Structure formats: C-alpha cells, structure tokens
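Asker: Quick one: the structure is below, and I'll ask about it shortly.
The values are calculated or read from the model by the stated rules, or taken from the named source; none is laboratory data. The shown structure was predicted, so the numbers you read here are calculated from the model rather than taken from an experiment. Backbone-built Cβ (ideal geometry, glycine too); neighbour counts: all protein chains shown. Surface areas here come from the heavy atoms of the whole protein model, side chains and all, with no ligands, DNA or RNA. Shrake-Rupley method; radii C 1.70, N 1.55, O 1.52, S 1.80 Å.
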Amino acid sequence: MKIPAFALFERSLRVETRAPMMSWVRAGLLIMILFILLPIQSMARMGVYAAPGLHFLEEMAWVNFVFITLAGLSYFASAITEEKEEMMLGLLRMTDLSPVAILLGKSTSRLVGALLLLVVQVPFVLLAVTLGGVGLSQIAAAYATLLAYLFLVSNLALLFSVAFRNTSTAAGVTLGVLLFFLLAHFWLANLLQNSGWPTGIHARGGISSVPYKFVDLWRQATPSDRLGTIFETGFTGPVISFQVLSNLVIGVLLFFVSWMVFEPCTREEKENAPGGRWRIGPKTRQSRIPRGLIGSKAISWKEFTFTSGGRIGLLIKFGVAGVLILFCNVFFQELGQNLDREFEGGLLIWISILATAIFLALDAGRIFREEIRWKTLSSLVTLPISIPELAYRKVAGALAGTLPVLIGAIIGIALIPKDVGDFLSDVFGDTAGTFGFIFAILQFILFLHLTAFLSLVIKRGAMPLAIAIQYLGGSFLMTFMGMLFFRGGADGAAAMLIIAALFCVTMTVILHLAIGRRLADVAAQE
Amino acid sequence: MSDNQPTIEIRDLHHAYKRQQAVRGISFTVDRGAIHGFVGPNGAGKTTTLKILATLLKPQRGRVRVFGLDVGANYKDVRRKTGFMPDHFSLYRQMTVQEYLDFFAAAYGMNLQERTRVVGDVLALTDMESRRNEMIKGLSRGMQQRISLARVLVHDPALLLLDEPASGLDPRARIELMEIIRELQRMGKTIFISSHILSELALLCDSVTILDRGTVRYSGPISGLHQRDGDTGDYLLSLAEDHPGVEATLRSVSGVIEVTKPANAPQYRVTFRKKETDLNLLLRAALDGGAQVLGFQENLRQLNQAFMDLTEPGVPPVMMDAAKAAPPPAPNPGGAA
C-alpha cells in the first residue's frame, strides 16, 4: 500500500529518473570526469604532478562543489516557486497531499536525483588511488563532505523556495546566504582578532573564548575548509567530520522550518508578475514612458525599465557593487592590506567588471525568458520590425541598465592610470597574452549567447547549465589543443589561443543565428 | 488595393508541424469590411491559419495574401495593416493600461501627440478610460481582454485577427465585446474572428469558414449555412403564454413536417418544407388560432447543427463564394480607432 505522503515523491522520482535531461547530465558527468582525468594523466607522465591522484580528486571535488552551489540557485530553488509561478500550488494543496508530501515530492526527489549523480562518480574517482598520491579515506571523506553540503544546499534553497514567490528571488537569497555561510567566518575571525578581544591562553576555557569557538566551528562547518583539509598530503582524519554532521543537522532543521512555514507562506495564491521586484509597485501610476520615445526605441525602453529594473534597478546594482567594494575593503584591511590608492583603484576596476559580468549574465538569462513566461513574444513579434531588430533592441535596453556599473572601472582607471597601462602592456606585450585577453572576452560573449539560447529552450537553470556546458566544452577544447600544441612553446600557446578564439567566434555566430530562429519558433508556438 | 480585392485571400495553403499536417490545402477569401467567422473543432487548423495570417508562421505551400500583399514576402507591410489578438493574454502585467498602450503606439512609430490621441481613442472605444492608470495585473479577465483588443487597435489596422476573443469571459463581458466588434466593423475594419461560440458567431458574422482536420468544410455567407439542408425551414415561435391549441393548428398547415414544444417555455419549434408553405402562412395560422405571438424567428441552433453535420467524417465540403454573402456595411475610410 502506498503511503500518501510519498505518492508525489515516488512519482517525481520516476519522472526525474526517466527524464531525457538526466541522461544528458549523466553523460556530461562522465565526459567531465574524462576531461579532468586526461590532462592530469598526461602531466603525470611528464612528471609535472607528484600526486596525480590527489590532483584528480581535488579537481573533481571542486567542480562538484561549484555545481552543487549552482544547482542550489536553480534546480533546488525552483522546487516550490515553479508551482507558484504556474499557479499550480493551490491545486496541489486542494488535493489530499499534505505540506510534507509536497515538500518531499517537489524537493527531496530532486535531492535524491542529485545525490545519485554524486554517488555514481565514486567508482570512477577510485581511479585516483591507481594514479597515486591519494588514499581511500580521502576519497570517502571528500564525497561525504560533498553529499552533506548538497543536503544542506537543497534544504536551504527549499526554505527560500517556500518563502518567496518567484525563483529568481529564492535563488538570489539562497546565493546570498550561501556566500555568507562560506565566507563571512573569515571576516568575523579577523574582526575578532583585531578588535582586542582576549585571545589565546587568556581566553581558554573562559566565557570570552565563546566567540572564537563559534567562529572556529563555523569555519569547520564549511565544505570549502573541510575539502582544503582533506586535500592536505598525509590526511588521516575521519570520514564523517563535524562539517558532515553539522551540514546534515542544519539541512534537517531547514527542512522542518520549510515544513512549518509552508502553510503560512503558501496559503494565498498570488499572481507573480515579472519586473516588479526592483520596486514596490503602487496599484495606479502615471505613465513612465518618455515623451520622445518613438519606434523600436520603445522596446529598449521597456527592457531597460522592466527587465533591467530601470533607474532604481541601476541604483541597486551600484549598491551591490558598492557593498562588494566595502566588504573587500574591510576584509583586506583585517588581513593587513594597506588600503592605498593602488589597492582602491584595482578593487574598483575588478569589482565593477565582475559585477557587470554577473548582471549581464543574469540579464542574458531573463531577456527572452520573461517574454516566453508571460506569452508576450507574439505581440512583440507582430510589430513591423524584424526579429533580429527586436532582439537587438531588447539587448540594447538591457545593456543600458547594466553597463553604467562600469563607471566604477573608469574611476578605477583614473585613479591608477600607470598601473593599468603597465597591466595592458604586460598583456599585449606578447602574442599569447594578447590572444589570451581576446579569448577571455570572446568566451564571455559566447557564454552570454549560450545562456540566452538555453533560456529559450529550457524553463529554468539556463545560466548554471551554460556554465556547465562551457566548462565541459572549454575543458575538451583546451585538452585537445593542449595535446596538439604542447611542444610548440610560446608560439604553440599563441596558435592554440587563436584557434580557440576562432572556435568561440564560430560558436557565437551559430548561437546568435539560432537565437533568432528560436525566437520566431517560440512566438509562433505561443 | 482595389475595393473589389478581398482582404484575405488564401489559396491551397498547406502547413505541417514535423509529421503532423495541420492545414491541408485550404482556400477561401474574406471580403473587405466583413466580419468573418472561423470555426472548427479543436485541432482543425484554425490557430495555424491565424498565425500564418498574422505573419507568425510562414506558409509552407500555397498563397496567402492580405490586402493583396504576400504574408511571407511583405510581412512588415502586412503587420502594419493587421492587428492580431492571440487566444491568450499577451500583456505586460507590470505596466499600467496607459503605459501598455503607449508602449505599443510608440513601437509602431507614433509621436507623443499621435500616441495621446490614439490611446485616448482606443480607451474610449473599449470603455477603459477610467482604468487608464491602473496596473494591468490588477484587472479582471474581461478588462484584460479589452486591453488586449485596445492594443490591437493602436496602429489603426484595417484587418483584425481575433483568436477566441470571448473565451473565458462572463456573459456581460461577451456581449460588450461583441458590441465593440460591431462598432469596429462600422468603422470599416475587416474582422476575422475565430471562436467556438457558434450562436454568437451566427449573430455577429456576415460570412463563415468551417474548418475540420485541416480542410475547409464550408466557406461562405452565414445564410448559406441555414440553406444547406436544402428545402427545410426551422423556426421558433415564441408566445406570451402557453396556448394548447396552437400546436395542432400549426400541424394542420400544409408543408409542416414537425412541431415540437421545448419544455418549460411557451415556445414551439416548427420545421417545414419551404416549397409548400411560407412564414406568413405559419404566422397567420398561429394568430388565427388565438395565440399571442411575441416572436417568430429562424432557429439559430441550426448553425450548431450545420457545424455538427459538416464536421462529421465522410461529409463532402461545401464551398460558396464569400463574395456572394450579403454586402457588408459601407466602409468608413476615415474611421480611426
């Protein structure tokens, strides 16, 4: 007899297991293992690595760590919000399914699928022992760490998926909390040390040692710290560490909190209109359309105002970049960094570029997806303009809402013109450097195209999937060409980068055309 | 474009999705200024045809012309002359009503002055002026449908393609929408309307095309559908109150085939051979029998019956020239939305 609480769970598990996407993910996983393994083995033969097995395990673990974090932002964070967005949660709640059955069915089934993806790697990763430099206990400890972290991430994302109305908010908050969990203990430890709080022998056993112990436990609970320990040569620690136990316990607690808040958070079904999250929208308002807006510029205006968040969104983006700069200032000051003009200039440049890149990637995933979600593409496509023009106008609007963040970089350049000049002459001083720089930019443009294209094909998770595909594709390309050009020295490296750059351009052009075609198809299918 | 040229001209249109043939060589025309109904069961190929007319899909075979322009080659010109309202809400819910319409007006290249006038006009036409500053997401389904219709009108298209415009609307909203559509016809617009609500189409349309499994089963004036089963007339006699003798009186009239009384209403359905009797004779018989007649009209349910007959497997298609339909009201060239 089936237990009602598990009915949805069982069904979801069946669907997830049989889904063609899962087969592709498994295939991708195997390819990834192969591409991590191949260069390490080649390097080991040449005597570059003393412990190739450890390198292999380390790379596998960090790649998994990144993918688990990305999965938390899309796969797990959409568990409940996808039902809210499609106005289906109310119907689910009207059935005999209890909140726990819905949580198990919608989230735990995804967790089981992801756990299986991790577990299935273990036999392959055991090859690390054959390669040498690593013990079985290290492999077991690394995978226990990842499994516990996965459990934590899935339940953290589940909580926000229950609490928030749309996936992007749930994903954003999950990312924020995860970053805080993974990084804030560094800052707190340095803050304590520099604040004059009694340390060392004076604090031992006393009440004043509590903050230190807390920060230390926090550090130990992070998978990044634990993986660092595992990959130290001569690791002999236990497989089940404090990190594993704490992550599992916190995961269970988060699941229970999700269960507790499920009813109050989902009692009312509310429509989830896009574009409103940057502002608190009144029920009525005067038109915001500028007087001189004519023709296809209107599409750019709409994109700037609603997809990119408009002026308020731009202010928020500046705010995010500002907070990052502030955080880095505090963090590096605690580490004893001299906060001089050079440091501030460099920080402004890099943070502005990084923030712009992140916002552009987010825009790429949303720019067409929102139109599909609200079935508005057919209205736009029937305007008397071509689809490429429509797409470029949309892109222009999104760029207008994000590129001003680069003002920070311009200020940074103005602060340290000489350093920037030196950096550029270093980069463009030799052919390999020049092509390396061009290749990096081309890769990012390719990534934006891939994200935009995937957002037209899959419902959610376009950006994480684009990262995964690009990582696998990049690994394949660089491994393959590395083997071809390894003996060529500096010229070989330059040749390799030129071919890689050409490959990027070709793929970008193909995706560019495919986006136009896909837009027409999607508009016709609405 | 000459006045005699049809607004829509479809010849031997084929369209398939992978191996699924959605439209199999359909041909029909729609006259200028007409309200043309487009009906058929689910999967008949209606939406595919509408999307081809709206330039969202390219015709794979055959010829599709709108105002004499090929929809594939002249898609931009066709888009300027047509307004397409899909069967779903295609609204930016985070905008206000005014912003939404203003946005599309701007996208069609209008300056501020034109936009202000046009948005005011379409809001007045759809009776949405009082809602102009409200967020779209807060409006009812009926209101959202009006906004969709208003959006279609902002660039003053001469042809409106409406896909299931009344679906999901309450009776009042449906009636109001029909009134707006009639008003648009009076302005000289040609309206191509796909719907499942046959009784409303019968009241609204000048001509109709019935599609089934990708082929046209009938295309021509609405009146042609009633005549389709040949010599038989089907009318509904409504009385002020039940009159027991009227049934027998009507039966006694020569040519009457059947008189039935629908339950719980002082009404009689009279089926008769047109060659043997006429409406005047029947009406006189009822009045002479002492009945107090409130109405005597053709039974509009006949359209449902015709639809069922035509979409039955094995029934040969009936093609009539739509141009022979009752002439539509004279177009108003100066009519603007």
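Asker: Which one of these does residue B:68 not meet: (1) within 11 Å of another protein chain (Cβ to nearest Cβ); (2) under 15 Å from residue B:8 (Cα atoms); (3) in contact (Cβ under 8 Å) with a residue 60 or more places away in the chain; (4) open to solvent by 10 Å² or more (accessible area, probe 1.4 Å)?
Answerer: The number of the failed condition is (1).
Asker: When you scan region B:81-90, how many residues do you find that are more than 7 Å from every other protein chain (Cβ to nearest Cβ), within 17 Å of residue A:377 (Cα to Cα) and either modelled with pLDDT of 90 or more or in a helix (DSSP H, G or I) (or both)?
Answerer: 3
Asker: Now a separate question. Only one of these is under 18 Å from residue A:387 (Cα atoms), acidic (Asp, Glu) and either without any contact (Cβ under 8 Å) to a residue 12 or more places away in the chain or surrounded by fewer than 23 Cβ atoms within 10 Å (Cβ to Cβ) (or both): B:77, B:87. Name it.
Answerer: Working: B:87 fails: under 18 Å from residue A:387 (Cα atoms).
After ruling out the rest, the residue left standing is B:77.
Asker: Any idea which of (1) buried (at least 24 other Cβ atoms within 10 Å of the Cβ); (2) facing another protein chain (nearest Cβ under 8 Å); (3) outside any strand (DSSP E or B) is the one residue B:94 doesn't satisfy?
Answerer: Looking at each condition in turn, residue B:94 falls short on (1).
Asker: Can you name the residue in region A:152-194 that is open to solvent by 70 Å² or more (accessible area, probe 1.4 Å) and over 16 Å from residue A:258 (Cα atoms) and, of all such residues, is modelled with the lowest pLDDT?
Answerer: Result: A:194.
Asker: Continuing with this model, one more query. Filter region B:27-74 for residues that are under 27 Å from residue A:519 (Cα atoms) and aliphatic (A, V, I, L, M) and give the result.
Answerer: Once the filter is applied, which keeps residues that are under 27 Å from residue A:519 (Cα atoms) and aliphatic (A, V, I, L, M), region B:27-74 yields B:44, B:50, B:52, B:53, B:54, B:56, B:57, B:64, B:66, B:69, B:71, B:73.
Asker: Exactly one condition in (1) open to solvent by less than 70 Å² (accessible area, probe 1.4 Å); (2) within 24 Å of the chain's Cα centre (by Cα) is not met by residue A:421; state its number.
Answerer: For residue A:421, the failing item is (2).
Asker: Taking the condition within 14 Å of another protein chain (Cβ to nearest Cβ), assigned to a helix (DSSP H, G or I), of a type in the set (Asp, Glu) and crowded, with 16+ Cβ neighbours inside 10 Å, does residue A:344 pass?
Answerer: Details: within 14 Å of another protein chain (Cβ to nearest Cβ): no; assigned to a helix (DSSP H, G or I): yes; of a type in the set (Asp, Glu): yes; crowded, with 16+ Cβ neighbours inside 10 Å: yes.
When the stated conditions are applied, residue A:344 does not pass them.
Asker: Take region B:1-25 and flag every residue that is hydrophobic (A, V, I, L, M, F, W, C), surrounded by fewer than 24 Cβ atoms within 10 Å (Cβ to Cβ) and in contact with a Leu (Cβ under 9 Å, 6 or more places away or on another chain).
Answerer: Step one: of region B:1-25, the residues hydrophobic (A, V, I, L, M, F, W, C) are B:1, B:8, B:10, B:13, B:16, B:22-23.
Pick out the ones that are also surrounded by fewer than 24 Cβ atoms within 10 Å (Cβ to Cβ) and you get B:1, B:16, B:22.
Listed by number, the list holds a single entry, B:1.
Asker: Of all the residues that make up region A:355-391, how many are in a helix (DSSP H, G or I), within 14 Å of another protein chain (Cβ to nearest Cβ) and of a type in the set (Ser, Thr, Tyr)?
Answerer: Adding up the residues that qualify gives 2.
Asker: If you take the residues in region B:175-202 that are farther than 14 Å from residue B:126 by Cβ, of a type in the set (Val, Ile, Thr) and touching a Lys or Arg at 6+ places or on another chain (Cβ under 8 Å), which one is least open to solvent (accessible area, probe 1.4 Å)?
Answerer: Across region B:175-202, the extreme among qualifying residues is B:190.
Asker: Which of the residues belonging to region B:111-163 are within 25 Å of the chain's Cα centre (by Cα) and acidic (Asp, Glu)?
Answerer: B:121, B:127, B:156, B:163
Asker: Sticking with this structure for a sec: I'm checking my understanding of the structure. Among residues of region B:36-45 that are part of a strand (DSSP E or B) and touching a Lys or Arg at 6+ places or on another chain (Cβ under 8 Å), which one is surrounded by the most Cβ atoms within 10 Å (Cβ to Cβ)?
Answerer: So the residue we want is B:38.
Asker: Output the number of the condition that residue A:520 fails; it satisfies all remaining conditions of (1) farther than 23 Å from residue A:391 by Cβ; (2) within 14 Å of another protein chain (Cβ to nearest Cβ).
Answerer: Of (1) farther than 23 Å from residue A:391 by Cβ; (2) within 14 Å of another protein chain (Cβ to nearest Cβ), only one is false for residue A:520: (1).
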